[in-house]
Amino acid sequence: MLGGTADFYFFNGPTALDVIDQYTELVGRPNRIPYWALGFQNCRYGYKSVYEVNDVIANYSKANIPLEVAWTDIDYMDRTRDFTFDPVNFPLSEMKKQLEYLHAHNQKMVLMTNPAIQRNSTYDPYARGLEKNVFVKNADGSVFVGQVWPGYTAFPDWFAPNTQSWWSGELKRYFDDLAIDGMWIDMNEAASFCTGSCGSGIPDDVVPQLPWEANPPPVYRPLDTGNKILVPPYTIHNPWVELSNKTIETTAVHANGVLDYHVHNLYGLMMSTATRKFLTSYRPNTRPFLLSRSTFAGSGALVNHWTGDNESSFRDLHVSIASMLDFGIFGIPMVGADICGFNRNATEELCARWIEVGAFYPFSRNHNAIGEKPQELYRWESVAEASRRALAIRYALLPYFYTNYQRAVENGWPVARPLVFQYPEIAATAGNDKQFLIGDGLLISPVLTQGATTVDAFFPKGVWYDWYTHKAVKGENKEVTLDAPLEHVNVHVRGGSILPAQVPAMTTTDSRKNDYYLVVAVDEKNRASGRLYLDDGETFDTPHRWISLEYKNGKLSISPDSGSYNVAPKLSKVVLLGVDGVKSVRVENSKQSSAKISLENGSTTVEGLSIDLNKRSTVSFK
Ligand code: NOJ
């Protein structure tokens, strides 16, 4: 924003979560995601064929690494034009088979769509758009023509009266061809590879080379520093001098003569609105899944986000934590970075360390750039092992992630949070961008430096429990050095919290069918509490159920407090972290004779329970 009239809003909190609650109340609460979106996802730019993607899907399952969603980038398109399929390498008939295969295995498919439409009168989406007058214009009324993947391209003008119906029409044709599960909308800043309307006056059949492949490189319009709309007096330190470099230019004209200068930042948000509108009308009672690169205040109500083209480096692995936490503050809690990094080659060590962080991103997807070395999680044995271990925690805790996501939907509270949200009074947490919490009960302390096999993790006051060994760590507001061999990520449960979990399977659908269990981590007063939220994870008008969980005086109370969703699997196990020496267990008034009790490292595990989560119940531990 370079000027104009600004409205300021003040959110008085007082806590960080209150501020986000108040902010998202204004701009829109985060969208409800389908449950499957919490599964692990794989993508890359540069898959050569549908058969290669088929192999990737099979290789994940051979390696025993859960894969929920197979993504394909622009590669599937015919000459990278939206709504088309490459007849040789990604024929529609084979894409259909892949989709059927995925669905038969409880997996999903997401494909990319860009806003830029090839400017070519023989390409029907363009011809129909031209007829309906839906494209961004030049000052003289001609179509503004930039350059993106398919060559010279026009850009939908979301302000124009016919754009929604045209866009929905094109999407409907496309979805009727292939009923994909989710959409990835990219390049919607909107990105362009040239400066200005570089295709104006050039015949339709000319397809320019990508500028970075052209030799000699293309020459663009000379800089017009006298034009205040192109080079405003108050700039944003754009290194390209001209504000419009690599995007729709600020002098372009939208419907009703509105200069792009005034509305530029809304492009991605408006594309998100139009795309979501189509999805909710095409499948009225199914929660859409949409991922957008460009976002604005309020985008969280419509779309989810990844942090764009990062680099396969330890620096960008580290930065990804702050980026993820930022988007939680912006009201876009379903966020993650490209796992193992996009540009440049990932090393085995980096990729192992990255999945150990990425397994806990709310949106967890491996993505790679074209031409870089393959980095699917099964490519190296140590990465595969790190993935199996870290993703087993994610899949066990899917009910916890989903419950936290529902807190985001209802109150805006981010799923991934900085320590300072929980411990504002501890000054040392303020600058901590190396660790993060999921909800308020799970602390991730990853390795972010090359060659390290230990990690210095800050533990706020209180008691924390190692996820794997159940051993307690006393938090003393200082760093503790923890062992962190390559395949291991340190994960601790905060004393005082109850985390709902489920025996993990290879897909979210299969995990949802398994027994529930609770991780009850007691604080210094031997107390803990938590919540569990459930619904069908798919539709909008599903019944739900909120369940309160409380542990004190050796008693665990399970109290469904709202909703009528029927929870089918039983609660079969309770892990009591920090509770030692339990000898007997009673569920309500009946003696639970089949319960198996085991004690280890100061904790108790009780198995063999069969508790109906739809009813109020009490479990006593003696
Ligand atoms: C840019 C996106 O940020 C990246 O994720 C994608 O792979 C490329 N466009 C190609 O579509």
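The values are calculated or read from the model by the stated rules, or taken from the named source; none is laboratory data. What you see is a predicted model; the values in this text were computed from it and never measured. A quick note on method: Cβ atoms are made from the backbone with ideal geometry, for glycine too, and the neighbour counts reach across all protein chains shown. Surface areas here come from the heavy atoms of the whole protein model, side chains and all, with no ligands, DNA or RNA. Shrake-Rupley method; radii C 1.70, N 1.55, O 1.52, S 1.80 Å.
Table for the structure above
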read-out	value
Flag for Thr251 being touching a residue at least 24 places away in the same chain (Cβ under 8 Å), over 23 Å from Asp78 (Cα atoms) and not in a helix (DSSP H, G or I)	yes
Which listed residue, of Ser617, Ser584, Ser603, Ser572, is small (Gly, Ala, Ser) and crowded, with 21+ Cβ neighbours inside 10 Å	Ser603
Close pairs from region 65-76: first aromatic (Phe, Trp, Tyr), partner open to solvent by less than 10 Å² (accessible area, probe 1.4 Å) and near the ligand (Cβ under 9 Å from one of its atoms), Cβ under 9 Å, at least 6 apart	Trp71/Cys43; Trp71/Met112; Trp71/Trp184; Trp71/His367; Tyr76/Met112
Those residues of region 306-320 which are within 16 Å of the ligand (Cβ to nearest atom) and open to solvent by less than 10 Å² (accessible area, probe 1.4 Å), in sequence order	Trp306, Gly308, Ser320
Residues of region 526-555 classified as under 28 Å from the mean Cα position of the chain (by Cα) and open to solvent by 70 Å² or more (accessible area, probe 1.4 Å), total	3
Pairs, first under 12 Å from Gln450 (Cα atoms) in region 337-359, second among the aromatic types (Phe, Trp, Tyr) and at pLDDT 95 or above, C-beta under 6 Å, six or more apart	Glu348/Trp380
So Asp181, is it charged (D, E, K, R), closer than 30 Å to His103 by Cβ, surrounded by 14 or more Cβ atoms within 10 Å (Cβ to Cβ) and in contact (Cβ under 8 Å) with a residue 60 or more places away in the chain	yes
Checking Tyr395 against (1) under 27 Å from Lys62 (Cβ atoms); (2) away from the ligand (no atom under 16 Å from the Cβ); (3) open to solvent by 10 Å² or more (accessible area, probe 1.4 Å), the condition it does not meet	(3)
Residues located in region 281-296, provided they are within 20 Å of the chain's Cα centre (by Cα) and either open to solvent by 30 Å² or more (accessible area, probe 1.4 Å) or free of Cβ contacts under 8 Å to residues at least 40 places away in the same chain (or both)	Thr286, Arg293, Thr295, Phe296
Gly336 vs. criteria of a type in the set (Gly, Ala, Ser) and within 15 Å of the ligand (Cβ to nearest atom)	yes
Enumeration of residues in region 1-18 that are under 22 Å from Asn265 (Cβ atoms) and touching a residue at least 12 places away in the same chain (Cβ under 8 Å)	Met1, Leu2, Gly3, Gly4, Tyr9, Phe11
The one condition in (1) assigned to a loop (DSSP other than H, G, I, E, B); (2) at pLDDT 95 or above that Gly4 fails to fulfil	(2)
Residue within region 92-104 that is open to solvent by less than 30 Å² (accessible area, probe 1.4 Å) and within 16 Å of the ligand (Cβ to nearest atom) present	no
Failed item, numbered, when Gly563 is tested on (1) farther than 28 Å from Ala457 by Cα; (2) open to solvent by 10 Å² or more (accessible area, probe 1.4 Å); (3) out of contact with any His (no Cβ under 8 Å at 6 or more places or on another chain)	(3)
Subset tally (residues that are buried (at least 18 other Cβ atoms within 10 Å of the Cβ) and either at positive phi or part of a strand (DSSP E or B) (or both)) for region 481-503	12
Which listed residue is polar (S, T, N, Q) and in a loop (DSSP other than H, G, I, E, B), from Gln406, Gln375	Gln375
Leading residue by the ranking (farthest from Leu67 (Cα to Cα)) among those in region 2-53 that are surrounded by 23 or more Cβ atoms within 10 Å (Cβ to Cβ) and within 16 Å of the ligand (Cβ to nearest atom)	Tyr47
From Glu372, Glu348, residue being away from the ligand (no atom under 16 Å from the Cβ), acidic (Asp, Glu) and surrounded by fewer than 24 Cβ atoms within 10 Å (Cβ to Cβ)	Glu348
Residue among Tyr51, Tyr45, Tyr35 that alone is more than 24 Å from Ser292 (Cα to Cα) and at pLDDT 95 or above	Tyr51
Among the candidates Gly431, Gly439, Gly462, Gly412, residue that is free of Cβ contacts under 8 Å to residues at least 24 places away in the same chain and not acidic (Asp, Glu)	Gly431
Residue match in region 72-84 (condition: away from the ligand (no atom under 16 Å from the Cβ) and surrounded by 14 or more Cβ atoms within 10 Å (Cβ to Cβ))	no
Condition met for Gly341 (within 16 Å of the ligand (Cβ to nearest atom), at pLDDT 95 or above, touching a strand residue (DSSP E or B) at 6+ places or on another chain (Cβ under 8 Å) and open to solvent by less than 10 Å² (accessible area, probe 1.4 Å))	yes
Selected residue (criterion: most open to solvent (accessible area, probe 1.4 Å)) from residues of region 444-463 that are part of a loop (DSSP other than H, G, I, E, B) and in contact with a Gly (Cβ under 7 Å, 6 or more places away or on another chain)	Lys461
Members of region 112-144 that are open to solvent by less than 10 Å² (accessible area, probe 1.4 Å) and either closer than 12 Å to Ala190 by Cα or within 16 Å of the ligand (Cβ to nearest atom) (or both)	Met112, Thr113, Asn114, Pro115, Ala116, Ile117, Val136
Residue satisfying all of: in region 321-333; of a type outside the set (A, V, I, L, M, F, W, C) and touching a strand residue (DSSP E or B) at 6+ places or on another chain (Cβ under 8 Å); nearest to the ligand (Cβ to nearest atom) among these	Ser323
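Let's see how each residue does on (1) touching a residue at least 24 places away in the same chain (Cβ under 8 Å); (2) touching a strand residue (DSSP E or B) at 6+ places or on another chain (Cβ under 8 Å):
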site	(1), (2)
Thr508	yes, no
Leu534	yes, yes
Thr542	no, yes
Ile558	yes, yes
Gly578	yes, yes
Ser594	no, no
Thr605	yes, yes
Leu613	yes, yes
